[in-house]
Amino acid sequence: MGWDGQVALVTGASRGIGAAVARRLASLGASVAVNYAVRRAEAEALAGELGHAAMAVGADVGDAEAVADMVAAVTARLGPVSVLVNNAGIAVPGTLETYDPAAMARMRRVNVDGVIHCVRAVAPGMAARGYGRIVNVASNAAIGTALAGTTFYAATKAEVLALTRRFAFELGAKGVTVNAVAPGWIVTDMARGGMDAAAFAERVAGMAGRTMVGRVGAPDDIANAVGFLAGPEAGFVTGQTLVVDGGRLDYIGHG
Ligand code: NAP
């Protein structure tokens, strides 16, 4: 089996990393469903750019019913989903001092429940057909980082890594692989986080200096890794986390 005939659903693909993943999978030959939460115009423009074998599809991944409807719409238009990329995510800053249970619940609903709902919506079909690729976009924050304010976001992404291994175990014998990519600091709206130009330039220089490659990441850096894990040739790779962070080494500097 090659890329032709593959149907990929990429969540949170209206911008940032998800949009780059959608472009990458389309360039490999897949039909692509571009999911969005609110930015319909951006998702439709991207689907238009990708051609006739693409569609935009709105759904809040935290809503199980909306996810089931989304998968039904994609199946009706493009065919059964063979590749799922769980990319949709939100980050709300928080530390022990500023912990806000409502913000934690909002993050968990998208970052964790969203992954569960989407996997549950596509896994039975993948298992019945004996083939599937699921890639979860986690974060290197889940593994270890000194970037202040990402404490609870990191916890949601650590849950994603646990689910990746457990889903891989549940689905492995059915021909379905489940892997994660853990991005480092990638320039997107999320990374900008409302910073002004000067603060952003300072952050870029700071984050670049923490990597072995001496630069910050671009959405395509993540899309290329997802393309490998989502491909037919990656069938013996499952339950893994591929860290794509330019060789980042953080250190504690309280002084
Ligand atoms: P982004 O620029 O903020 O884009 C987020 C995307 O997720 C948008 O397409 C957004 O759709 C969608 N989304 C948000 N909530 C959603 C929901 N409830 N249902 C469906 N879609 C939803 O973020 P990004 O930087 O590209 O991040 C993509 C993924 O990579 C996230 O999981 C993030 O945690 C992870 N990540 C990012 C970085 C980084 O440095 N950027 C590092 C590590 C991990 P709308 O446009 O319609 O709102």
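Things worth noting here:
- Scanning region 83-96 for residues that are surrounded by fewer than 24 Cβ atoms within 10 Å (Cβ to Cβ) and either within 11 Å of the ligand (Cβ to nearest atom) or under 20 Å from Asn136 (Cβ atoms) (or both) returns Ile90, Ala91, Val92.
- Inside region 1-26, residues that are of a type in the set (Gly, Ala, Ser) and either within 12 Å of the chain's Cα centre (by Cα) or over 15 Å from Pro232 (Cα atoms) (or both) make up a count of 8.
- Residues of region 151-181 that are buried (at least 23 other Cβ atoms within 10 Å of the Cβ) and outside any helix (DSSP H, G or I): Val176, Thr177, Val178, Asn179, Ala180, Val181.
- So Asn179, is it more than 21 Å from Asn111 (Cα to Cα) and polar (S, T, N, Q): no
- Among the residues of region 101-150, those that are assigned to a helix (DSSP H, G or I), β-branched (Val, Ile, Thr) and within 14 Å of the ligand (Cβ to nearest atom) comprise Val110, Val112, Val115, Ile116.
- Annotation: of all residues in region 1-36 being without any contact (Cβ under 8 Å) to a residue 40 or more places away in the chain and surrounded by fewer than 20 Cβ atoms within 10 Å (Cβ to Cβ), the one that is farthest from the ligand (Cβ to nearest atom) is Asp4.
- Out of Arg77, Arg39, sole residue that is surrounded by fewer than 20 Cβ atoms within 10 Å (Cβ to Cβ) and within 14 Å of the ligand (Cβ to nearest atom): Arg39
- Evaluation of Gly48 against (1) over 26 Å from Glu233 (Cα atoms); (2) near the ligand (Cβ under 10 Å from one of its atoms) (one fails), failing number: (2)
Conditions tested, residue by residue: (1) of a type outside the set (A, V, I, L, M, F, W, C); (2) touching a residue at least 40 places away in the same chain (Cβ under 8 Å); (3) assigned to a helix (DSSP H, G or I); (4) within 13 Å of the ligand (Cβ to nearest atom).
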{"position": "Met190", "(1), (2), (3), (4)": "no, yes, yes, yes"}
{"position": "Ala199", "(1), (2), (3), (4)": "no, no, yes, no"}
{"position": "Arg203", "(1), (2), (3), (4)": "yes, no, yes, yes"}
{"position": "Asp220", "(1), (2), (3), (4)": "yes, yes, yes, yes"}
{"position": "Ala223", "(1), (2), (3), (4)": "no, yes, yes, yes"}
{"position": "Gly227", "(1), (2), (3), (4)": "yes, yes, yes, no"}
{"position": "Glu233", "(1), (2), (3), (4)": "yes, no, yes, no"}
{"position": "Gly239", "(1), (2), (3), (4)": "yes, yes, no, no"}
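- Scope region 126-141; condition among the small types (Gly, Ala, Ser), touching a helix residue (DSSP H, G or I) at 6+ places or on another chain (Cβ under 8 Å) and more than 22 Å from Val110 (Cα to Cα); matching residues: Ala127, Gly130, Gly132
Each reported figure results from applying straightforward, stated rules to the coordinates on display, with no laboratory input. The shown structure was predicted, so the numbers you read here are calculated from the model rather than taken from an experiment. Glycine gets a Cβ as well: all are built from the backbone with ideal geometry, and neighbour counts include every protein chain shown.
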